[in-house]
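Quick notes on the structure that follows.
The values are calculated or read from the model by the stated rules, or taken from the named source; none is laboratory data. What you see is a predicted model; the values in this text were computed from it and never measured. Here the Cβ positions follow ideal geometry from the backbone for every residue, glycine too, while neighbour counts run over all protein chains shown.
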Amino acid sequence: MSIALDSAAFRRILGHYPTGVCAVTAMVDGAPMGMVVGSFTSVSLDPPLVAFLPDRKSSTWPKIQAAGRFCVNVLAEHQQDVCRALSSKVENKFEAVPYRLSDAGLPILAGVVAWIDCDLYAVHEAGDHFIAIGQVHALDVEHPHRPLLFFQGGYGQFSPFASAG
């Protein structure tokens, strides 16, 4: 039996697939800017490309796009507060979010699992989202914590199987 395709069913069913939670940051007019995405993936090894899917209704994405470069911050399991802060509509999202600047001058959030500095490579239209592709020019594991995950409408963490001894 299949379910009729409507947006509520689409969200509910695809919610059964966990996604990692990342913060995409940039510097815009000398100030840090950021947004949270649950749609981040590697695209290519040669050249090194990654992608994320910002919502067309995002007020932050056009500013990051205009900056032409961004940093993807892989949030750690303990960073739900960072996720909430950067998802909020407040004016200064970074007031309670500590960060440092990468060598390229992009915000790396304190405590993240990893970060990936990118130049904007291409943007494609995709329904009610865009596909933003970045060419990676620097990346590193900041802290090897477990990542923050989004699953069935809530946040959680990954628990690996116990290794065989």
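Restricting attention to the stretch 107-131 and to residues that are in contact (Cβ under 8 Å) with a residue 60 or more places away in the chain, over 22 Å from V82 (Cα atoms) and not charged (D, E, K, R), the residue that is surrounded by the fewest Cβ atoms within 10 Å (Cβ to Cβ) turns out to be A126.
All conditions in (1) touching a strand residue (DSSP E or B) at 6+ places or on another chain (Cβ under 9 Å); (2) more than 11 Å from T25 (Cβ to Cβ); (3) part of a loop (DSSP other than H, G, I, E, B) hold for H124, with the sole exception of (3).
Would you check if there is a residue in the stretch 141-158 being surrounded by 12 or more Cβ atoms within 10 Å (Cβ to Cβ), at pLDDT 95 or above and under 15 Å from the mean Cα position of the chain (by Cα)? For the stretch 141-158, residues surrounded by 12 or more Cβ atoms within 10 Å (Cβ to Cβ), at pLDDT 95 or above and under 15 Å from the mean Cα position of the chain (by Cα): absent. Of the residues making up the stretch 107-147, those that are closer than 16 Å to V36 by Cβ and not small (G, A, S) are P107, I108, L109, V112, V113, W115, I116, H129, F130, P147.
F94 versus (1) assigned to a loop (DSSP other than H, G, I, E, B); (2) under 20 Å from H137 (Cα atoms): which is the lone unmet condition? Only one criterion in (1) assigned to a loop (DSSP other than H, G, I, E, B); (2) under 20 Å from H137 (Cα atoms) is unmet by F94, namely (2).
Residue count for the stretch 61-91 satisfying the condition of being more than 15 Å from S39 (Cβ to Cβ) and not in a helix (DSSP H, G or I): 11. Could you go through the stretch 85-106 and let me know if any residue there is free of Cβ contacts under 8 Å to residues at least 24 places away in the same chain and either surrounded by 13 or more Cβ atoms within 10 Å (Cβ to Cβ) or under 23 Å from S42 (Cα atoms) (or both). Yes, the stretch 85-106 contains a residue that is free of Cβ contacts under 8 Å to residues at least 24 places away in the same chain and either surrounded by 13 or more Cβ atoms within 10 Å (Cβ to Cβ) or under 23 Å from S42 (Cα atoms) (or both).
Selection of the stretch 53-103 for residues being acidic (D, E) and either in contact with a strand residue (DSSP E or B) (Cβ under 8 Å, 6 or more places away or on another chain) or under 18 Å from G134 (Cα atoms) (or both) yields D55, E77, D103.
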